[in-house]
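Asker: Got a structure for you, written out below as structure tokens; questions coming shortly.
The values are calculated or read from the model by the stated rules, or taken from the named source; none is laboratory data. Note that the structure is a prediction, hence the values are computed from the model and not measured. So basically every Cβ, Gly included, is an ideal-geometry build from the backbone, and we count neighbours across all protein chains shown. Each accessible area value is taken on the protein alone, full model and side chains, heavy atoms only, with ligands, DNA and RNA left out. Shrake-Rupley method; radii C 1.70, N 1.55, O 1.52, S 1.80 Å.
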Amino acid sequence: MPMIEMKNVSKWYGPVQVLNGCSTAVNKGEVVVVCGPSGSGKSTLIKTVNGLEPFQQGDVVVNGISVGDPKTNLTRLRAQIGMVFQHFELFPHMSVTDNISLGQIRVLGRSRDEATARSLKLLERVGLSQHAAKYPGQLSGGQQQRVAIARALAMDPLAMLFDEPTSALDPEMINEVLDVMTELAREGMTMMVVTHEMGFASRVAHRVIFMDHGQIVEDDKKEDFFGTPRSERARQFLSKILHH
Amino acid sequence: MLTAFDWDIIRRTAPYLFREGMTFTLTLTALAMTGGIVFGTLLAMMRLASYRTLSTAASAYVNVMRSTPLVLVIFWFYFLVPWMGGWLLGATRPIQVGAFLSSLVTFMMFEAAYYCEIMRAGIQSIPRGQMWAGYALGLSYWQTMGQIVLPQAFRNMLPVLLTQTIILFQDTSLVYVLSITDFLGAASKVAQRDGRLVEMYLFVAVVYFAISFGLSSLVKRLQARLTVPGR
Amino acid sequence: MKNCRRLVSVGLVTVCALTLVGPPAGAQEGTLKKIKETGVITLGHRDASIPFSYFDDKQSAIGYAIDLCGKIVDAVKAELKMPNLQVKLNPVTSATRIPLMANGTIDLECGSTTNNLERQKQVSFTITHFVTANRFVSKKAANLKDLNDLKGKTVVSTSGTTNIKQITELNGQKNLGITILPAKDHAEAFLMVETGRAAAFFMDDILLYSLVASSKTPAEWTISAEALSVEPYGIMLRKDDPSFKKVVDGAMAAVYKTGEINKIYAKWFLSPVPPKGVNLNVPMSDVFKHVVAKVKYNWNWGIFWQLSPDGRGTYLDTLVAGLGWTLATAMAAWVIALALGMIVGVVRTTPTRWLRRLGDAWVEVFRNVPLLVQMFLWFFVVPELLPASVGTWLKQLPRSAFYTAVVCLGLYTSARVAEQVRAGIQSLASGQRMAGIALGLTLPQTYRFILLPMAIRIVMPPLTSEFLNVIKNSAVALTIGLVELTASARSIQEFSFQVFEAFTAATLIYMALNLIVVIGMRRLERRLAVPGLIGSGQAMPMAGH
């Protein structure tokens, strides 16, 4: 059974269709990169996985639980899927440690001590131990994004979703974030990553999904995608991105 | 006491209420808005001026007005305006000032402080570069302000200016404390003469609500249109 | 107390600038010369002093005093040889008549003004045209005979009159514990008794007779036998103006000599008068007085240390008491506004559609009706719409004006707070909400731990100005009889005639309050500031006060 399975997902904003019959599956331990031109629906697609974006047709099944089913406890489901946002979305009024501890205490019911201990351990893992007491506003973008990853990991997620985690970062900070993600993939985390970082995709991903106009145009093994993409649109996209 | 209600009184007195009262209220609102925006814009330019005396004087004026209740300002001006007028016109005695002119001056001077703050934000929202570009073309301060900065500032602030005007429209009801026959004053005279407070005051509330709500919906629509990107 | 004194002396210095403009001097030039130059004579009149001076059905001013003024105007026309002299009518109230006379707005006040020594310091009177006594009217059923029966009760009188001053003095001297409400005019005062908000109305008996005669149920009313004083009425003119006064006195004397006065008197006191055709049936009592005095507007900053007529202390104490009511009203209303405003503001950002609509409706209703109208709705209308027993209980609550003001201001401000809270929450990027939800927090948890803590910091500056608004807006409550700061300044002005001193002191106190609140809130903001975040950004200015 795949960890994440999408079946024919379609979504409209009023009259505008933003997802058009998207189907794919992510197996346990698999890393899937989603790419495509801006406005192609990749961010929307990844947000349907934990129900942040509702959809009108089809279904998404995570670890055997249907996201579209109104009876599903979405709150509990979301707690099991980590998510990292383009703009970090750390909580600016809480210290770095408190940011990581919040979900552990309020959702998982861990004690404050237990949560703090785990938070500090995760901070060490993303290389930010010395910043534990600081506030998000006092960190660089790359550091903030690493804290955001630690915050997601603190929930012991079954899978991680990354929504353009590096596109709001200055170029010199991109690698520190990608390194943490690469490490995570190596440890066998199931990951779905929306990104333009083709270098990361070719090194780390098992599969690449290419989207355009709300449709999944390509869903290939990494080697196939970078070797001989089947569609003209994917070829054009790749040539633009790679000659950059 | 006031057991049975007489809703027909509204129909009977509506012509008087609107002809006398609402005319006063609307005229006062329109003129006070015009005067208030003009004076407020001048105040805003003073506040942003580099001459300290000018900016200090303007800020002092605005701060005094903004920290004093409107009712108190109305009392102040009702007694002050005749002397101010005489002094301004160089007359040897306080001039004759009717209720209307007195309240007009009051609201112009009071609301100018609020319009000033709006226009100041509006002027500050225009990048300095616009000013420099004007000077670079050889325009004077007044030309640059008048032709380049103020029109943009005014446009950006139009919704807020209009919202302030709706507040002004509601505020004019406070001339009640001077027994002036504005819309509320007219209704309250009828209400007290005939002992029909419930009917008259409810009617007044409904009319004020309809007008204010209608206008603010229009402002909202205008705002939506102004914020369309790439205007 | 020490601080207050310092405040007032600061005021003294500040307002020296005002003195430079010159003390008001309306009379030196002579009213006749002014009338000649402008071609206009302006008569001040009342709107409900039946039968002296009031509006009829068609909203034109009529009455006994207006007829007498007509005679005076004729004499002025003859004196100046201006047959086409234009006559302007200007409504005045008890509170405005003397300042308007002093500042030159009106030339004659044709109403029912008591001629007494105190007023003669400010204005002049022509020959007395009526004599009345200060008594009270009440419901027969209440069985109120004299002052002692009124102990501990609420009574009403018209603000700015000698009547309210007298009852206030007596109340203080005899320690009667009467609550005295000031009303804007006679009609409003009478209505307070009619609707049960006050037990008795103190006023000149002639006015009471007319109010009773034109009420819906004249038989239900009784006028006290006990009289606090006897008072002559006179038509008012500016002081220090002998040439004008000569013409006016001459005209009045002529009316008396020729016997024309009998005709005019009978027309208004012994026959049915408009608008309802009631006959007051008050026979004539002929007393004539003729007083002239010469005092200009006297600056007197020492006024605040003089005793006020309410017997409770100095005028400064009056001001401090007013400040107390302003603060009490503002604070209590603020608690309501903050609590309700937070709830409504949050509700307006939730995903539940009907809740949002409800919140929107709340805000629109309170935002689009003038505060003064809302005040009247709560004070005059709501008690009538409730079951009779509840309504009566409400109206007879001691300090009902205070409670009404608190509720009204609280709800009014809650709408404004809600708007700020909504804007604050929505100004947070929607990503914050998503991040909270993606962590597995429930919606309430997301609000409690993430959205609200940040939103509160963002709305702190606009909430500060809303709090300042509550302080200022509490002045509107003077229209329903709450003697807060502005009202106490006005009452000082009415009792002492020191307009500028009284209003200056009030203005300075409001400014000081403003300053204290702003500094206090700035401190709070600094304490709540989040490290690494620069302020909360410059918000767009909101229209408002």
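Asker: Just to make sure I understand: if all protein chains stay in place, what is the order of A:D179, B:D171, C:D360 by accessible area at 1.4 Å, largest first? The partial results should precede the final answer.
Answerer: Working: A:D179 95, B:D171 25, C:D360 60 Å².
Heavy-atom accessible area, descending, gives A:D179, C:D360, B:D171.
Asker: Give the lysines reachable from A:K121 as a straight Cα distance under 25 Å; neighbours fewer than 8 places away on the same chain don't count.
Answerer: A:K28, A:K134
Asker: Please name whichever of A:S38, A:Q130, A:V62 sits farthest to the positive end of the charge dipole of the range A:37-136, dipole taken about the Cα centre and charges placed at Cβ: Lys and Arg +1, Asp and Glu -1.
Answerer: Going by the Cα projections, it comes out as A:Q130.
Asker: Heavy atoms only, probe 1.4 Å: what % of the accessible area of chain A goes to carbon and sulfur, would you let me know?
Answerer: Carbon-and-sulfur percentage of accessible area, whole number: 48.
Asker: Under unit Cβ charges (Lys, Arg +1; Asp, Glu -1), what dipole magnitude, rounded to 20 debye, does chain B have relative to its Cα centre?
Answerer: For this selection, approximately 620 debye.
Asker: Spin-label point model (7 Å from Cα, Cβ direction): what's the C:E37 to C:K81 distance in nm?
Answerer: My value for the distance between the label points is 2.1 nm.
Asker: Just how far, in whole angstrom, is the range B:156-202 from the range B:10-82 if you go by their alpha carbon centroids?
Answerer: Cα centres, the range B:10-82 to the range B:156-202: 15 Å.
Asker: Here is a follow-up. Once R0 is set to 35 Å, what does the formula 1/(1 + (r/R0)^6) return for the Cβ-Cβ distance between B:A49 and B:L226, expressed as a FRET efficiency to the nearest 0.05?
Answerer: Numbers: r = 28 Å, r/R0 = 0.80.
Efficiency, rounded to the nearest 0.05: 0.80.
Asker: For the range C:363-522, what class follows from the C-alpha gyration tensor (a ≥ b ≥ c being the square roots of its eigenvalues): rounded when a/c is under 1.5, otherwise prolate if a/b is larger than b/c, else oblate?
Answerer: Working: a/c = 3.51, a/b = 1.61, b/c = 2.18.
In terms of gyration-tensor shape, oblate.
Asker: Turning to a different aspect of this structure: What is the interface area between chains A and C, defined as buried accessible area summed over both chains with a 1.4 Å probe, reported in Å² to the nearest 100? Mind dumping the intermediate values first?
Answerer: On the way: alone 11450 and 25940 Å², together 35380 Å².
Between A and C, the summed buried area is about 2000 Å².
Asker: Chains C and B: buried accessible surface, both sides, probe 1.4 Å, rounded to 100 Å²?
Answerer: 6100 Å²
Asker: Can you give the calculated 222 nm mean residue ellipticity of chain C, where each DSSP H run of n ≥ 4 adds -39,500 (n - 2.57) and the sum is split over every residue, rounded to the nearest 500 deg cm²/dmol?
Answerer: Taking each H run of at least 4 residues, the total per residue is -16500 deg cm²/dmol.
Asker: Among C:F130, C:T326, C:A213, which residue has its Cα positioned farthest towards the positive end of the charge dipole of chain C, with +1 placed on the Cβ of Lys and Arg, -1 on the Cβ of Asp and Glu, and the dipole taken about the Cα centre?
Answerer: Going by the Cα projections, it comes out as C:T326.
Asker: Relative contact order (percent) for the range A:163-244, with alpha-carbon contacts under 8 angstrom and 6 or more residues of separation? Could you put the intermediate results ahead of the total?
Answerer: On the way: 62 pairs, mean separation 17.8, N = 82.
Across the range A:163-244, relative contact order equals 22 percent.
Asker: What does DSSP give for chain A in terms of the percent of beta bridges that are antiparallel, rounded to the nearest 5?
Answerer: Values: 20 of 37 bridges.
Bridges in chain A are about 55 percent antiparallel.
Asker: Oh, and also: Give me the distance in nm between label points sitting 7 Å out from Cα along the Cα-to-Cβ direction at B:R11 and C:A388, one decimal.
Answerer: It works out to 2.8 nm between the two label points.
Asker: Now a separate question. Angle between the Cα long axis of helix B:70-88 and the longest principal axis of chain B, 0 to 90 degrees, nearest 10?
Answerer: 70 degrees
Asker: So, R0 is 41 Å and r is the distance between the beta-carbons of B:T23 and C:T442; what FRET efficiency does that work out to, to 0.05? Walk me through the numbers on the way to the answer.
Answerer: Values: r = 56 Å, r/R0 = 1.36.
The formula returns an efficiency of 0.15 here.
Asker: Among C:V230, C:A435, C:G302, pick out the residue whose Cα is farthest towards the positive end of the charge dipole of chain C, where Lys and Arg carry +1 and Asp and Glu carry -1 on C-beta, about the Cα centre.
Answerer: Going by the charge dipole, the pick is C:A435.
Asker: Now for a separate question. With an 8 Å Cα cut-off and a minimum separation of 6 or more residues, compute the relative contact order for chain C in percent. All intermediate terms of the calculation are to be shown ahead of the outcome.
Answerer: Numbers: 855 pairs, mean separation 86.3, N = 545.
Relative contact order for chain C comes out at 16 percent.
Asker: Turning to a different aspect of this structure: Using a 1.4 Å probe on the protein chains only, how many percent of the accessible area of the range B:123-189 belongs to carbon and sulfur?
Answerer: So the carbon and sulfur contribution to the accessible surface is 63 percent.
Asker: I've got another one for you. With a 1.4 Å probe and every protein chain left in place, tell me how much accessible area C:M101 has, in Å² to the nearest 10.
Answerer: That residue has around 0 Å² of solvent-accessible surface.
Asker: Now for a separate question. Stretched out fully, how many nm does the piece from A:R186 to A:I241 gain, at 0.36 nm a residue minus the Cα gap? Present the calculation step by step, with values, prior to reporting the outcome.
Answerer: Numbers: separation 55, 0.36 × 55 = 19.80 nm, distance 2.54 nm.
Result: 17.3 nm gained on full extension.
Asker: If you count the DSSP beta bridges with both ends in the protein assembly as shown, what percent of them are antiparallel, to the nearest 5? Spell out each step's value before the answer.
Answerer: Values: 46 of 80 bridges.
Rounded to the nearest five, the antiparallel share is 60 percent.
Asker: Please list the helices of chain C that count as membrane-span-like by this rule: a mean Kyte-Doolittle hydropathy of at least -0.5 together with Cα atoms stretching 27 Å or more along the helix axis, each helix being a complete DSSP H run. The partial results should precede the final answer.
Answerer: Numbers: long enough: C:315-347 (47 Å, 1.78); C:400-427 (40 Å, 0.59); C:452-473 (28 Å, 0.75); C:499-528 (44 Å, 1.00).
Correct list, ordered by number: C:315-347, C:400-427, C:452-473, C:499-528.
Asker: A follow-up question, please. Starting from the Cα gyration tensor of chain B, take the square roots of the eigenvalues, sort them a ≥ b ≥ c, and report rounded, prolate or oblate (rounded when a/c is under 1.5, otherwise prolate if a/b is larger than b/c, else oblate). Working shown, then result.
Answerer: Numbers: a/c = 3.05, a/b = 1.60, b/c = 1.91.
Taking the square roots of the gyration eigenvalues as a ≥ b ≥ c, chain B is oblate.
Asker: Still on this structure: For A:W12 and C:D149, what does the FRET efficiency come to when R0 = 60 Å and r is the distance between their Cβ atoms, rounded to the nearest 0.05? Please report the intermediate quantities before stating the final value.
Answerer: On the way: r = 78 Å, r/R0 = 1.29.
E(calc), rounded to 0.05, equals 0.20.
Asker: Follow-up. Counting partner chain Cβ atoms within 10 Å of every residue's Cβ in C:469-479, what's the average?
Answerer: Numbers: counts 2, 0, 2, 8, 3, 2, 10, 7, 1, 5, 5.
Mean number of neighbouring Cβ atoms from other chains: 4.
Asker: While we're on this one: Just to be sure I understand the model, the point goes 7 Å from the Cα along the line to the Cβ. What's the resulting C:K174 to C:T350 distance in nm?
Answerer: Each label point is offset 7 Å from its Cα along the Cβ direction, giving 5.8 nm.
Asker: Which value, in nm² and rounded to one decimal, describes the direction-averaged projected area of the C-alpha convex hull of the protein assembly as shown?
Answerer: Working: hull surface 198.9 nm².
Answer in nm², one decimal: 49.7.
Asker: Would you work out the charge dipole size for the range A:53-153 about its Cα centre, treating the Cβ of every Lys and Arg as +1 and the Cβ of every Asp and Glu as -1, and quote it to the nearest 20 debye? The partial results should precede the final answer.
Answerer: On the way: 12 positive and 8 negative charges, 57 e Å.
With Lys and Arg at +1 and Asp and Glu at -1, about 280 debye.
Asker: Please list A:58-64, C:405-411, A:195-201 highest first by mean number of surrounding beta-carbon atoms within 10 Å per residue. Walk me through the numbers on the way to the answer.
Answerer: Numbers: A:58-64: 17.0, C:405-411: 24.0, A:195-201: 19.7.
Averaged packing, sorted descending, gives the order C:405-411, A:195-201, A:58-64.
Asker: Let me ask something else about it. Rounded to the nearest 20 debye, what is the charge dipole size of the range C:80-210 about its Cα centre when +1 sits on each Lys and Arg Cβ and -1 on each Asp and Glu Cβ? Kindly include the intermediate steps, with their values, before the conclusion.
Answerer: Numbers: 15 positive and 11 negative charges, 26 e Å.
Dipole size: approximately 120 debye.
Asker: Provide B:W76, C:W393 ordered by accessible surface of protein heavy atoms (probe 1.4 Å), highest first. The partial results should precede the final answer.
Answerer: On the way: B:W76 30, C:W393 155 Å².
From most exposed to least exposed: C:W393, B:W76.
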